[in-house]
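Engineer: Let me begin by handing over the structure; questions about it come next.
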Amino acid sequence: MTSEPSLRVAVGPGDSDDELRRKGALVRPAPRQVAWQRQELVAFVHFGINTFTGLECGTGTDDLSLFDPTELDCRQWARSLADAGFRSVILTAKHHDGFVLWPSRYTGHSVAATPWRGGRGDIVRDLAEAVREQGLGLGVYLSPADLHQSNAPGGIYGNGSPAVPSVIPTLLPGDDRAERVASGELPSFTYVVDDYNRYYLNQLYELITEYGPINEVWLDGADPTATKQHYDHDAWFGMVRALEPEATCAVGGPDVRWVGNESGYARHSEWSVVPMHGEPSEFGHTTAVAEEDHDLAGPEAMRRAGHFAWYPAEVDVSIRPGWFHHASQDAAVKSLPRLMDLYRHSVGRNAVLLLNVPPDRRGLFADPDVERLTEFGRVLREVYGDDFAAGARTGEDTPGSVLVELPEPRTFNVVGLSEDIRDGQLVESFAVDAWLSGAWERVATGTTVGHKRLVSLPHPVTSHRLRVRVLAARAAVRPAVFLFLDPTVPAPVVHGSFAAARDTRGISSDDAPGLADLDGTGMSLSAQALAAAGIVPGGRVAHGGLEFRWPDTAPGEPDTVRADGQTIMMGGSGSRIGFLLLGTADRSFGPGLATYTDGSGQEIPLLALDTLGEGDYPAGARTVVSMPYHNRPDGRVDRPARVGWCAAPLDPAKTLESVTLPRYGEGTSPAEPGVHIFAVSLG
């Protein structure tokens with residue numbers, strides 16, 4: 001029987017659910033993971049040749065003469081981020097295009113081949129110096145996928161080369177490190193790897209040994225190449241551990257995982273104790289179910305695990321629609337309320353918020369971004385730096401509860417909870433009660449806590465007594481309690497029915513294409529193309545064993561619900577809930593919440609296919625109908641559009657009261673993920 005706390009805990013196929021929960025309670029984070037989680041706010045900086053070409057993903061053969069950020073000032077970046085409360089910065093030292101932001105010895109496709117500073121510049125160096133002046137940590141994003149090494153003549157990505165013993169660093173003629181390597185001042189490693197893995201290891205070595213300390217290495221699982229290349233993760237992570245033991249290996253690494261969406265929101269139940277495939281291993285990072293799955297660590301996933309590991313979530317999202325700066329998006333920087341909402345639903349759901357702020361072609365953060373960061377930092381300090389429960393008397397009202405008694409009544413609308421994650425993550429569900437009119441009244445419920453949980457109340461509460469009841473836990477636990485008044489918490493929006501919630505015109509007639517707009521640019525579905533595919537107003541649409549009723553509306557009338565955090569009253573019961581929906585950009589998916597009449601809740605994912613995209617992504621989404629064209633205000637566009645389907649399980653023994661939709665972008669740009677729902681069905 002496993003009885004000792006550990007980073008990874010093995011489970012067996014015969015373990016009961018109770019035994020699995022007991023073993024889950026034994027999983028503990030490594031010190032580097034605790035330090036990483038306590039940062040809460042980390043900045044992403046996407047900068048490179050894409051900044052100058054206007055692309056989001058370069059070709060690998062981009063014209064490097066375009067790269068010339070004549071006013072580059074990494075100190076401006078670092079000051080802006082430090083003032084906003086960020087603790088470290090991750091730079092895209094190499095994005096998928098293969099262009100590197102330091103003068104690497106191993107490629108000519110770098111800043112050394114650009115006109116910037118006469119080819120003598122080094123952005124990684126500039127940023128490393130700037131962040132340390134501000135007391136920030138430095139992380140590096142080094143894309144495994146490399147379009148330059150895939151597409152350029154002589155490229156080595158997926159070239160079929162044999163794996164041979166290779167010394168890292170691989171010294172080149174005249175290498176300035178030769179004496180230090182020979183003396184042992186710089187360590188060397190031998191791995192059996194192919195050409196590309198040798199190249200990757202050498203660049204990783206350069207970054208860690210010449211610009212460190214590095215506190216996070218970010219890999220990224222995206223691969224836009226059409227070439228198959230094996231990644232020797234054990235060699236990569238092994239070298240990081242040897243050179244920088246306290247650095248976390250993230251998103252494709254064994255220390256930190258991708259949250260599963262790029263909308264900026266963690267799950268309603270975000271576990272850091274995650275079921276994993278296979279036996280425990282030092283660098284294992286394959287989850288028992290897909291990272292995008294809405295129930296990554298629930299009972300079913302636990303039953304499928306070979307072991308449990310501490311594997312916390314990082315939530316990556318950009319302050320503007322694109323990852324790289326585009327001047328056309330200067331008016332689409334996320335609003336202060338949206339950034340605060342992202343904070344509450346990432347940091348406040350047991351994750352770290354990785355907010356991207358991309359410099360412009362000058363090499364500076366654009367004015368709108370700096371202004372928003374300044375606002376964000378100021379409001380965070382004002383709101384979450386003022387804990388009404390600080391110094392309050394605490395006790396235990398009933399077994400498993402935490403009682404907070406304030407010296408005087410205070411008005412609050414956010415309740416914060418926190419577990420000491422050095423002792424694991426234990427809370428499975430909780431309720432929050434306030435003393436109102438001489439009696440306890442339940443004001444909120446929730447599931448997981450972890451490092452931090454911020455629970456927004458439907459309405460502000462004024463009371464001098466608060467009680468948190470731990471309803472279920474994997475072991476005894478006493479969470480800390482905090483109280484805040486956040487003026488940016490939106491008032492709840494509740495609709496009595498799905499039809500009443502329709503707020504967007506998504507379908508237009510071919511003879512009046514300007515009467516609908518799904519993405520802020522006038523893109524809409526054609527009523528005639530839908531009819532040709534068999535979908536008509538008020539008609540029945542069957543898919544996945546569920547039957548839907550298409551909106552009985554005329555073209556140009558509100559026919560979809562744009563997911564924006566609203567609650568829709570439902571009624572009824574069933575074993576599944578399904579949606580007919582579409583996304584207006586890639587990766588339009590996130591966590592919704594089904595609430596039952598007994599007050600319990602269950603996460604439901606909304607997985608929306610990009611209506612103008614291809615392939616069934618995200619996993620679990622399916623195409624229901626595809627049309628050969630769509631409309632824009634100036635007429636027909638001969639590019640296919642589609643409507644998708646997704647479904648999630650429900651508890652058939654309970655009655656569904658409502659569905660709360662995820663909150664996506666503000667609908668001002670086609671590059672910003674958005675979800676539009678045409679119909680919902682229970683079955």
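Engineer: Answer with yes or no whether A641 is assigned by TED's automatic domain parsing to the domain that holds L546, at pLDDT 95 or above and more than 18 Å from L546 (Cα to Cα).
Structural biologist: Numbers: assigned by TED's automatic domain parsing to the domain that holds L546: yes; at pLDDT 95 or above: yes; more than 18 Å from L546 (Cα to Cα): yes.
Answer is yes for this residue.
Engineer: Can you tell me how many residues in the range 614-646 are free of Cβ contacts under 8 Å to residues at least 60 places away in the same chain and of a type in the set (F, W, Y)?
Structural biologist: 1
Engineer: Go through the range 91-106 and give me each residue that's out of contact with any Ser or Thr (no Cβ under 7 Å at 6 or more places or on another chain) and surrounded by fewer than 21 Cβ atoms within 10 Å (Cβ to Cβ).
Structural biologist: R105, Y106
Engineer: Given D586, D610, D616, which one is buried (at least 19 other Cβ atoms within 10 Å of the Cβ) and of a type in the set (D, E)?
Structural biologist: D610
Engineer: Restricting the search to the range 442-460, which residues are part of a strand (DSSP E or B) and of a type in the set (A, V, I, L, M)?
Structural biologist: At the first step, the residues of the range 442-460 found to be part of a strand (DSSP E or B) are 442-446, 453-460.
Scanning the range 442-460 gives V443, A444, L454, V455, L457.
Engineer: Scan the range 30-73 for residues that are in a helix (DSSP H, G or I) and under 25 Å from the mean Cα position of the chain (by Cα) and jot them down.
Structural biologist: Passing the criteria: P31, R32, Q33, V34, A35, W36, Q37, R38, Q39, N50, T51.
Engineer: Inspect all residues belonging to the range 542-560 and state whether any of them is among the β-branched types (V, I, T), buried (at least 18 other Cβ atoms within 10 Å of the Cβ), in a strand (DSSP E or B) and outside the structural domain of P224 (by TED's automatic domain parsing).
Structural biologist: Within the range 542-560, one or more residues are among the β-branched types (V, I, T), buried (at least 18 other Cβ atoms within 10 Å of the Cβ), in a strand (DSSP E or B) and outside the structural domain of P224 (by TED's automatic domain parsing).
Engineer: Would you please name the residue that is surrounded by the most Cβ atoms within 10 Å (Cβ to Cβ), looking only at residues in the range 461-517 that are in a loop (DSSP other than H, G, I, E, B) and among the polar types (S, T, N, Q)?
Structural biologist: Ranking the candidates gives T488 first.
Engineer: How many residues are among the small types (G, A, S) and touching a His at 6+ places or on another chain (Cβ under 7 Å) if we restrict to the range 350-398?
Structural biologist: Count: 1.
Engineer: Just checking, how many residues over the range 201-248 are polar (S, T, N, Q), surrounded by 19 or more Cβ atoms within 10 Å (Cβ to Cβ) and over 25 Å from the mean Cα position of the chain (by Cα)?
Structural biologist: So the count comes out to 3.
Conditions tested, residue by residue: (1) buried (at least 19 other Cβ atoms within 10 Å of the Cβ); (2) under 25 Å from the mean Cα position of the chain (by Cα).
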| site | (1), (2) |
| --- | --- |
| T595 | yes, yes |
| I604 | yes, yes |
| H630 | yes, no |
| G644 | yes, yes |
| A648 | yes, yes |
| D651 | no, no |
| E672 | yes, yes |
| F678 | yes, no |
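Engineer: Identify the residue in the range 220-263 that is polar (S, T, N, Q) and at pLDDT 95 or above and, among all such residues, is nearest to G155 (Cα to Cα). Full working, then the answer.
Structural biologist: Taking the range 220-263 and keeping what is polar (S, T, N, Q), we get 225, 227, 229, 248, 261, 263.
Then drop every residue that is not at pLDDT 95 or above, which leaves 229, 248.
Details: Q229: 12, T248: 30 Å.
Only one residue tops the list, namely Q229.
Engineer: Regarding N413, is this residue polar (S, T, N, Q), crowded, with 17+ Cβ neighbours inside 10 Å, under 30 Å from the mean Cα position of the chain (by Cα) and closer than 30 Å to E56 by Cα?
Structural biologist: So N413 fails the test.
Engineer: Can you confirm whether G60 is at positive phi and touching an Asp or Glu at 6+ places or on another chain (Cβ under 8 Å)? First the steps, then the outcome.
Structural biologist: Values: at positive phi: yes; touching an Asp or Glu at 6+ places or on another chain (Cβ under 8 Å): yes.
Yes; evaluated as a whole, the condition is true for this residue.
Engineer: I need the full set of residues from the range 342-376 which are within 15 Å of A82 (Cα to Cα) and surrounded by fewer than 19 Cβ atoms within 10 Å (Cβ to Cβ), in order please.
Structural biologist: Result: E371, T374, E375.
Engineer: Answer yes or no: is there a residue in the range 102-110 that is in contact (Cβ under 8 Å) with a residue 24 or more places away in the chain, in the same structural domain as Y343 (by TED's automatic domain parsing) and assigned to a helix (DSSP H, G or I).
Structural biologist: no
Engineer: Then there's this: Among the residues that make up the range 79-90, is at least one of them in contact with a Pro (Cβ under 6 Å, 6 or more places away or on another chain) and surrounded by 21 or more Cβ atoms within 10 Å (Cβ to Cβ)?
Structural biologist: No, the range 79-90 has no match at all.
Engineer: Between a residue in the range 404-426 that is among the basic types (K, R) and any residue that is surrounded by fewer than 15 Cβ atoms within 10 Å (Cβ to Cβ), which pairs come within a Cβ distance under 6 Å, given they are 6 or more apart or on different chains?
Structural biologist: Partner pairs satisfying both residue conditions: none exist.
Residue-by-condition table, conditions (1) buried (at least 23 other Cβ atoms within 10 Å of the Cβ); (2) within 19 Å of the chain's Cα centre (by Cα); (3) without any contact (Cβ under 8 Å) to a residue 40 or more places away in the chain:
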| position | (1), (2), (3) |
| --- | --- |
| R267 | yes, yes, no |
| G278 | no, no, yes |
| A290 | no, yes, no |
| A297 | yes, yes, yes |
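Engineer: Turning to a different aspect of this structure: Kindly list the number of the only condition in (1) part of a helix (DSSP H, G or I); (2) in contact with a Leu (Cβ under 9 Å, 6 or more places away or on another chain) that fails for A309.
Structural biologist: Unmet condition: (1).
Engineer: Got at least one residue in the range 640-658 being among the basic types (K, R), touching a Phe, Trp or Tyr at 6+ places or on another chain (Cβ under 7 Å) and either farther than 30 Å from S429 by Cβ or not in a loop (DSSP other than H, G, I, E, B) (or both)?
Structural biologist: no
Engineer: Spot the failing condition for R75; the list is (1) assigned by TED's automatic domain parsing to the domain that holds A93; (2) in contact (Cβ under 8 Å) with a residue 24 or more places away in the chain; (3) surrounded by fewer than 21 Cβ atoms within 10 Å (Cβ to Cβ); (4) farther than 20 Å from E129 by Cα, and only one is missed.
Structural biologist: (4)
Engineer: Another one. Scan the range 308-341 residue by residue and report those that are buried (at least 23 other Cβ atoms within 10 Å of the Cβ) and of a type in the set (K, R).
Structural biologist: R320, K334
The values are calculated or read from the model by the stated rules, or taken from the named source; none is laboratory data. Bear in mind that the values here come from a model prediction, so they are computed numbers and not experimental data. Cβ atoms come from the backbone with ideal geometry, glycine included; neighbour counts cover every protein chain shown.
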